[in-house]
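One structure is given below, encoded as structure tokens.
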Amino acid sequence: MEENRPRSPWRSEDVWSIWLGWAVLAVALGATMVASTGAEKAVNPLTGMLADLGGWVSNPLDALRDKNGASVLPGLVGVFASLLVLFSVGLAGMRERTREFPLAFAALFGLTVFAYLLAGQKVVKHLNLEYALWALTVGLLISNTIGTPAILKPAVRAEFYIKTGLVMFGAEVLFHQLLKLGLPGVFIAWVVTPTVLILTYLFGQYVLKIESKSLNLVISADMSVCGVSAAIATAAACKAKKEELSLAIGISLAFTVIMMVVMPPVIGWLELGPVVGGAWIGGTIDSTGAVAAAGDALGETGLLVATTVKMIQNILIGAVAFAVAMYWVTCVEKSPDGARPGLIEIWRRFPKFVLGFIAASIAFSLLSKSGDQGEAIASAATATSKTLRGWCFCLAFVSIGLETNFRELKQYLVGGKPLILYVCGQALNLTLTLAMAWLMFTKVYPNAAASLAK
Amino acid sequence: MPLPPLPSSAMSGSASTSEPGRPAPGARLAICLAAITVIWLVILPAIAQVSTVRTMIDRHEAHGVDPSAKFYSELPAMPMISQRVDEIRRAEPEAFGLK
């Protein structure tokens, strides 16, 4: 029977997510290069065709206008049409049914707009309660009350949206930013962070004895690297269950809000100053936006140091995704006889979309590193992919919510192990990052701290 | 991220059937939506008018800080910060351990 035949790798979701992600990047890059020829600065003609919802305080209709007062409706239509075409082509390429997809996708997109609307309320937004949380909530509310309507199901493709979004996301992971803050930045973000990730994972495995290695890995990565983005990349790389990703993100967002509020006064009380304090914030608070908000509370230097350390840490996401995928296929997914898989088997199991993500990252890093013009073109081109990948992730989180049952989530909370893992890992993170920031900026490179504080 | 095999009822939300002592599924959804409406249209706008919250939001917006950003590329202030850090590092590369 057709169903029993192994699917050709060329028709797999992994491969199609690469084609779709690269297609978006190639179109955006091509359009930017053509439009920028002879122009004074880089121009992306596609930017105006796509939009996110704006912010609002008391009238949700204000979200339909951007900062300049222009309507975002044409941009929303552009996003809907682009993603509908993109994923319809993907499904057709994978030889899957596409007839019911447009209607289902339209309904799912409507829920995604609603989630974005909830996230756009300014109090919510400025407390770092980002759209991932509201997208999950919207999906969970439906699936746990009336159940997911059959009309939505053909479009509930969380993994496909995540993988495609991640390939586009690769263009924003620019490796050459690693030395932005010189060696102090490398030691704080690239030495402490992997150390914390590995030690937290080992603590979860050998001390807490968490049954699910993927849950352990996703929590360890989102706590040590950069919150939601790292959780998405790691969960996809280690094939974590959807409930595990939801749980990791929920814990991370809750602690991020607390740390964003508590850390600035603690830094003031400890008299660490904006450089060491900013580096401490940048290396420990999960979410980039929350890092900026907490760093800003320390003043201009605090904002400068915190966001730069976080940016260097953000870049780790590519290396972490690759390392996790390799670890997973070589050490965790053993053969039935317990033997380590051979090279061909590793290649067969390896989540190929990670290679698409890394390739996009390398290509855009090289372009951005090639000079001012290259940097401007890369930056303008990624405006398109940035908008689309945000919508892809939001569609994915609504889909995850629609597929998740509260009872399934409850089983992961038994004994509070995920929470203990996060708290212990974050305690280690806080200790090691503070020690490294203090060592780097007061003992090893004090002149760097003086330059930044000027 | 494959899901483990689940009963079809779980995949489509096991709470979709009425249970004794609990409101009907449609009523539960309506209650949730009503709660969302009250929170987002009444409570949160009222919180936004509190002077400390208003000051925080204004300060973030003035400094290009978007606390909901998930990656550095989503921060409005990042290009400016990046340029400033480049200037500082290039002025004294030795201070940062670079030649």
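Figures for the structure shown
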{"quantity": "Segments A:412-425, A:383-396 sorted - mean Cβ within 10 Å per residue, highest first", "calculated": "A:383-396, A:412-425"}
{"quantity": "Histogram of C-alpha separations across the stretch A:250-362, 5 Å bin width, %", "calculated": "2, 12, 17, 14, 11, 10, 10, 9, 7, 5, 3, 0"}
{"quantity": "Farthest toward positive dipole pole in the protein assembly as shown [+1 Lys/Arg, -1 Asp/Glu at C-beta], among B:ALA24, A:TRP438, B:GLY97", "calculated": "B:ALA24"}
{"quantity": "Rounded to the nearest 20 debye, dipole of the protein assembly as shown from Cβ charges on Lys, Arg, Asp, Glu", "calculated": "740"}
{"quantity": "Whole-percent carbon and sulfur share, accessible surface of the stretch A:141-247, 1.4 Å", "calculated": "70"}
{"quantity": "Carbon/sulfur fraction of accessible area - the stretch A:31-122, other protein chains in place, 1.4 Å, %", "calculated": "64"}
{"quantity": "Under-5 Å amide H pairs with A:GLN121, H placed in peptide plane, nonlocal only", "calculated": "A:TRP56"}
{"quantity": "Length added when fully stretched, A:GLU333-A:ALA26, from 0.36 nm per residue minus Cα-Cα", "calculated": "107.1 nm"}
{"quantity": "FRET efficiency, A:ARG65 to A:LEU178 (Cβ-Cβ, R0 56 Å, nearest 0.05)", "calculated": "0.90"}
{"quantity": "Kirkwood Rh, Cα atoms: Rg over Rh of chain A", "calculated": "0.96"}
{"quantity": "Unit charges on C-beta of K, R, D, E only; dipole of the stretch A:1-99, Debye", "calculated": "200"}
{"quantity": "For the stretch A:60-119: rounded, prolate or oblate by the Cα gyration tensor [a/c cutoff 1.5]", "calculated": "prolate"}
{"quantity": "Accessible surface, chain A, averaged per residue in Å² (probe 1.4 Å)", "calculated": "39"}
{"quantity": "Rg(Cα)/(2.2 N^0.38 Å) for the stretch A:216-256, N = residue count", "calculated": "0.95"}
{"quantity": "Residue-span extension gain [A:ALA106 to A:ALA376] - 0.36 nm each, minus C-alpha spacing", "calculated": "93.7 nm"}
{"quantity": "Estimated distance in nm for a label pair at A:TYR206 and A:ALA435, the labels positioned 7 Å out from Cα along Cα-to-Cβ", "calculated": "1.7"}
{"quantity": "Spacing of the two label points (7 Å from each Cα toward its C-beta) at B:ARG59 and A:LYS369, in nm", "calculated": "3.9"}
{"quantity": "Length added when fully stretched, A:ALA150-A:ALA92, from 0.36 nm per residue minus Cα-Cα", "calculated": "18.8 nm"}
{"quantity": "Sulfur and carbon atoms: percent of accessible area, the stretch A:303-454 [1.4 Å]", "calculated": "68"}
{"quantity": "Helical contribution to [θ] at 222 nm, DSSP H n ≥ 4, -39,500 (n - 2.57), averaged over the protein assembly as shown, rounded to 500", "calculated": "-20500 deg cm²/dmol"}
{"quantity": "Cα gyration tensor category, rounded, prolate or oblate, for the stretch A:313-408 with a/c compared to 1.5", "calculated": "oblate"}
{"quantity": "Label-point gap, in nm, between B:ILE36 and A:ALA450 - each point 7 angstrom along Cα→Cβ", "calculated": "5.6"}
{"quantity": "Cα shape, the stretch A:149-230, gyration tensor, a/c 1.5 rule", "calculated": "oblate"}
{"quantity": "Pairwise burial B:A, computed as accessible area of each alone minus the pair, summed, 1.4 Å, Å²", "calculated": "5900"}
{"quantity": "Residues in the stretch A:97-127 occluded by at least 40 Å² - accessible area, probe radius 1.4 Å, against chain by itself", "calculated": "A:LEU118, A:LYS122, A:VAL123, A:LYS125, A:HIS126"}
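The values are calculated or read from the model by the stated rules, or taken from the named source; none is laboratory data. Computed from a predicted structure; not experimentally measured. Quick reminder, even Gly has a Cβ in these numbers, built from the backbone with ideal geometry, and neighbours come from all protein chains shown. Surface areas here come from the heavy atoms of the whole protein model, side chains and all, with no ligands, DNA or RNA. Shrake-Rupley method; radii C 1.70, N 1.55, O 1.52, S 1.80 Å.
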